[in-house]
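Some notes on the structure that comes next.
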Amino acid sequence: MTRKLVIILPRGEAIKNFVYSGITDALRKKYHMVFFSVIPNGEIETYLKEKCDEFYQLDEESNDTRYAAEVKQCIQIAHAKNLNSVTGNLKLLKDDVDSRKKSLSSTVRSIRKRIASLYVSDKKLKKLTSYYVRLQYKKDTVRYYEKLLRDIKPDIVFNASHIHNSYSLDLLYACKKLKLKTAAFLFSWDNLTSQGRIIPTYDFYFTWNKKIKQDLLKYYPFLNKEHVYVTGSPQFDFHFMEEFIYSKDQLYEFLQIPLDKKIILYSTGMAYYTPKEHIIVKELHERLKKIDTNLQLVVRIYAKDDNTEYYTLRDSDYSLKVPDHYWELNHLTPTMKDIKLFTSLVKYASIGINVASTVSLDLAIHNVPVLNIAFNPPNIDVYPNDYKKIYDFDHYKPIVTSGAVSLVHDLNDFEEQVRTYISNPQKDEIARKKLMHDFFGEELYKDKKSVFLDVFSTIFKQ
């Protein structure tokens, strides 16, 4: 009898990582494939249905009762205190600042923090989280999924993005209620220290690298270390897939720039941490024009934020290239066209610039020099944010100390560093290559189809 594998695709980036990459195709050859997925649009719906044996739509966000919502708030505060991470502490501070804007909110926040202080230990946090999950069992949507899962009888339920789960929570609660075997892919390297507690917990976990595995076991000491697998992340595989990379001629024609131009790629960040970043982009663009007219700033915008300011910059200065993003914004779904544009920009860039972004890793894969902006937008108060302090974030600090990226402390420093790396792109090459080895290990170059086939085969035997 063919085993049944349920794959949960709770957001577009999970579709990209596991379906566009061909991983689910490989798994389907061995297992009966069941998708529970969001539907970004009709075209993607048709595509997904062709990629599985059974398809069910995730179309309703999980809504808590007022009481359950308060319990969850206390869990997340207690978890942040338990972590005591730089990122978690900043989130606590930002929430404190926001609550002060209204006296009632400030009072409620104070009460939540007092209650949370009683549950900071690992043991009490685990107990409170289990209590919260049990509160969900009587919800109508949980009962609906419970009945559906009884009919499907899956052998394993795999959540392809543990953090993007607002549409899949009730399905996961039903899995917990039925005591089904569950697994989850830890979506990003910063999620453990920046995105709150993992709710609900899973039986098996897939991580990017050994460091993330160690962190997971540190923050959730009750987990079985034998059930945490290092698989690498499929999102980096696209850099090695020719069908997802333009030729240089094609890219330059798309950007409408001469072939002798050198691309300086600026990747914007999340406004939650990097407010008013467009002001920095404008300043850097002006500096680059003074350094060398042969340098072409191309701005890769962060699709999840409001990018109006960048479009305004583009409209006011046609020498600045700000390509549209080609995401389907419904469920934040990258399209294959967008993936191809991104991988091509990274490959052909002469220098990459960002604020503590995952794109630094993408750039290092191609041995592209990386500049990290470590100063605030000139004459702008961004408190409680601080661009420089971002480099103390737990997940990113090792990247800085590796020497594979270079911090830029002001505009003059930027100008000096650009001149240095343009004249000597091999500078820090050894550090970049060492970072790739230390961070990814052998997983970077492994075929993820084979990796996930092997891991699921192992899990099915347990």
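For this structure, a couple of remarks:
- Members of the range 276-316 that are more than 17 Å from S357 (Cα to Cα), in contact with a Lys or Arg (Cβ under 9 Å, 6 or more places away or on another chain) and surrounded by 15 or more Cβ atoms within 10 Å (Cβ to Cβ): I291, L295, Q296, L297, E309, L313, R314
- Summed over the range 255-281, residues that are within 21 Å of the chain's Cα centre (by Cα), part of a loop (DSSP other than H, G, I, E, B) and of a type in the set (A, V, I, L, M) total 2.
- Pick from the range 364-420, criterion acidic (D, E) and over 17 Å from S350 (Cα atoms), ranking: nearest to the chain's Cα centre (by Cα): D394
- Unique residue being of a type outside the set (A, V, I, L, M, F, W, C) and either touching a helix residue (DSSP H, G or I) at 6+ places or on another chain (Cβ under 6 Å) or not assigned by TED's automatic domain parsing to the domain that holds L180 (or both) when the list is R11, R112: R112
- If you go through the range 112-154 and keep only what is of a type in the set (A, V, I, L, M, F, W, C) and surrounded by 12 or more Cβ atoms within 10 Å (Cβ to Cβ), you end up with I115, A116, V120, L125, L128, V133, L135, V142, L148, L149, I152.
- Among (1) more than 22 Å from the chain's Cα centre (by Cα); (2) over 24 Å from A160 (Cα atoms); (3) small (G, A, S) - the single one S85 does not satisfy: (1)
- Which listed residue is in contact (Cβ under 8 Å) with a residue 12 or more places away in the chain, over 10 Å from A78 (Cβ atoms) and out of contact with any strand residue (DSSP E or B) (no Cβ under 7 Å at 6 or more places or on another chain), from V120, V133: V133
- Selection over the range 47-69 of residues that are more than 23 Å from N330 (Cβ to Cβ), of a type in the set (D, E, K, R) and surrounded by 16 or more Cβ atoms within 10 Å (Cβ to Cβ) gives a count of 1.
- Of A364, A356, all but one fail to be out of contact with any Pro (no Cβ under 8 Å at 6 or more places or on another chain), of a type in the set (A, V, I, L, M), surrounded by 21 or more Cβ atoms within 10 Å (Cβ to Cβ) and more than 30 Å from L259 (Cβ to Cβ); the exception is A356.
- Residues that are outside any strand (DSSP E or B) and among the hydroxyl-bearing types (S, T, Y), drawn from the range 1-45: T2, Y20, S21, T24, Y31
- Residues that are of a type in the set (S, T, Y) number at least 2 in the following helices (runs of 4 or more DSSP H) confined to the range 47-131: 86-99, 103-116.
- Single residue of the range 389-406 satisfying the filter (surrounded by fewer than 17 Cβ atoms within 10 Å (Cβ to Cβ) and not small (G, A, S)) that is farthest from N209 (Cα to Cα): K389
- Pairs where the first residue, in the range 95-117, is under 25 Å from Y132 (Cα atoms) and the second is of a type outside the set (G, A, S) and outside any helix (DSSP H, G or I), C-beta under 6 Å, 6+ apart: S106/R100
The values are calculated or read from the model by the stated rules, or taken from the named source; none is laboratory data. Nothing here was measured: the structure is a model prediction, and the numbers come from that model. Every residue, glycine as well, gets a Cβ built from its backbone with ideal geometry; the counts of neighbours run over all protein chains shown.
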